[in-house]
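Structure first, commentary second.
Please treat every number below as a calculation from the coordinates, not as lab data. Quick caveat: nothing in here was measured; it's all calculated off a predicted structure. Backbone-built Cβ (ideal geometry, glycine too); neighbour counts: all protein chains shown.
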DNA sequence: CATTGCAAAATTGTATACAATTCGTATACA
DNA sequence: TGTATACGAATTGTATACAATTTTGCAATG
């Protein structure tokens with residue numbers, strides 16, 4: 001008899017898993033500001049469990065780059081520096097452009113059609129709720145592209161990267177009114193993919209990632225004088 | 001006062017760290033065959049510690065893809081499948097070609113000169129010791145290229161990937177007599193980098209990674225009839 | 001003979017206690 | 001005043017005990 005569980009079993013609902021998810025959410029949404037000091041005992045008290053599950057959660061988040069451990073000081077929410085943002089986008093470009101090219105050669109027409117549906121997302125400017133919803137759907141779109149590459153290892157790495165990059169969008173930066181533009185970009189990308197032009201699709205993806213980075217960079221520069229939680233430890 | 005420790009502090013010599021390193025080495029060198037079953041208690045006995053440090057080590061190795069956990073069965077050394085090898089090389093190509101291109105634009109002449117020294121490595125065919133030594137130096141060369149990209153995040157991901165791929169070279173496959181050829185490839189790559197031609201260097205790197213993959217693929221196909229620890233769980 | 005129920009065994013998850021290490025600070029001393 | 005040092009506080013690391021969950025073997029039953 002074959003194990004009835006799906007290939008990648010969903011993690012059991014355990015205390016460690018709970019702390020991991022809650023802490024991750026709180027870090028990504030910047031409820032814990034970059035640079036904030038945490039401690040195993042404090043976290044254990046906060047989340048109502050003991051230090052052991054907290055340790056496990058923190059080690060995972062550390063490996064994902066969201067937490068930084070300083071021995072005998074505690075855990076710290078990894079600071080967001082301009083270089084970290086730049087590095088992340090650079091790595092993302094390297095991986096995601098390849099993912100797009102691979103997806104073009106491997107995805108079925110049906111899958112690309114479905115991807116087109118996922119691309120039809122926007123947000124309304126200065127509407128926070130709509131913006132957060134958009135972020136979630138946008139992540140889903142890019143993860144789907146990654147999945148269509150049919151490369152599990154690539155998917156895992158890109159997934160981790162994209163999730164940790166979500167944090168940048170919660171900085172409260174005024175990126176501007178780009179809902180429609182981004183939707184257009186997404187749909188253009190899918191169009192290139194559906195016409196099975198790997199080169200054009202990859203180039204298109206690279207341009208879009210670059211312009212996304214530029215939007216953040218500009219907003220960051222413009223917000224230079226206000227309170228941005230970019231810490232220098 | 002600035003913390004006198006280097007930016008990335010070397011991990012303390014702790015029991016968990018010890019188990020992690022030993023287990024990782026044993027997995028990479030295939031002392032633990034792919035598919036082999038391990039268990040927390042067994043490992044704790046083996047390495048002379050308790051289950052807690054073992055758990056931590058296993059979780060890390062799991063995230064790095066070297067271990068697979070099956071609930072209430074134990075940990076298993078991740079099997080090596082043709083698809084896993086293919087996926088890994090694909091991801092490696094995506095990241096390393098970009099690393100090379102970035103290094104070309106960012107490394108100093110001195111750093112590239114030093115890289116040229118690291119490139120001067122060979123192995124003598126059918127000499128296992130020389131081969132293992134070569135593997136280590138070869139990893140060092142590619143890691144140095146990654147470091148010269150000046151992208152910490154890219155470095156971390158590529159580092160993890162390259163280390164886990166070392167396993168493939170311990171399968172006992174007869175890759176053939178390519179010591180001199182690979183040295184030539186390395187030196188050609190460095191030459192392109194020193195002439196600051198990012199495009200040529202990236203293309204060169206991609207070709208070399210592909211040919212490395214082809215060597216493994218051919219050897220794997222040739223060894224199809226003999227005992228290769230490619231497990232299907 | 002297949003299926004179900006159940007209890008024992010195995011494994012993982014969690015809490016707690018304690019050991020080990022490091023840091024900060026106060027104090028002694030030159 | 002500057003420096004060394006010793007001690008206490010804080011933090012992480014480890015072991016052990018126990019609880020929770022799942023698997024497995026076996027027998028009973030249709």
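Mean partner shielding of peptide A:144-153, defined as the number of other chain Cβ atoms within 10 Å of each residue Cβ, is 3. With the alpha-carbon atoms of segment A:1-131 aligned to their principal axes, the span from lowest to highest coordinate is 53, 52, 31 Å, starting with the largest. Semi-axes of the equivalent ellipsoid of segment B:90-131 are 26, 18, 5 Å, computed as sqrt(5λ) over the eigenvalues of the C-alpha gyration tensor in descending order.
All Cα-Cα separations within segment B:15-77 were binned at 5 Å from zero, giving a P(r) of 4, 21, 34, 30, 11, 0, each value a whole percent of the pairs. Apply the a/c threshold of 1.5 to the C-alpha gyration tensor of chain A and tell me whether it is rounded, prolate or oblate. Oblate shape, in that a/c is at least 1.5 and b/c is the bigger or equal ratio.
Averaging Cα coordinates gives a centre for segment B:98-126 and one for segment A:34-49; these two points are 44 Å apart. Computed over segment B:94-219, the percent of Cα pairs more than 23 Å apart is 27.
Look at the alpha carbon pairs under 8 Å that are at least 6 residues apart: their mean separation over the length of chain A gives a relative contact order of 25 percent. If you bin all the Cα-Cα distances of segment A:176-220 at 5 Å, starting from zero, the percentages per bin are 5, 23, 26, 22, 14, 7, 3, 0. Per residue of peptide B:94-104, the mean number of Cβ atoms on other chains within 10 Å of the residue Cβ is 3. Using C-alpha pairs under 8 Å with a sequence gap of at least 6, the mean separation divided by the residue count of segment B:15-77 gives a relative contact order of 42 percent.
How many percent of all Cα-Cα pairs in the protein assembly as shown sit more than 34 Å apart? It works out to 39 percent of all Cα pairs. Ordered by the count of other Cβ atoms within 10 Å of each Cβ, fewest first, A:126, B:149, A:81 give A:126, A:81, B:149. A crude spin-label estimate for the pair residue B:117 and residue A:222, with each label 7 Å from Cα along the Cβ direction, gives 5.0 nm.
Computed log10 I(q)/I(0) for segment A:98-170 at 0.13, 0.17, 0.22 Å⁻¹: -0.42, -0.68, -0.98, from the Debye equation with unit scatterers placed on every C-alpha and solvent omitted. Taking all Cα-Cα distances within segment A:49-115, those exceeding 21 Å account for 52%.
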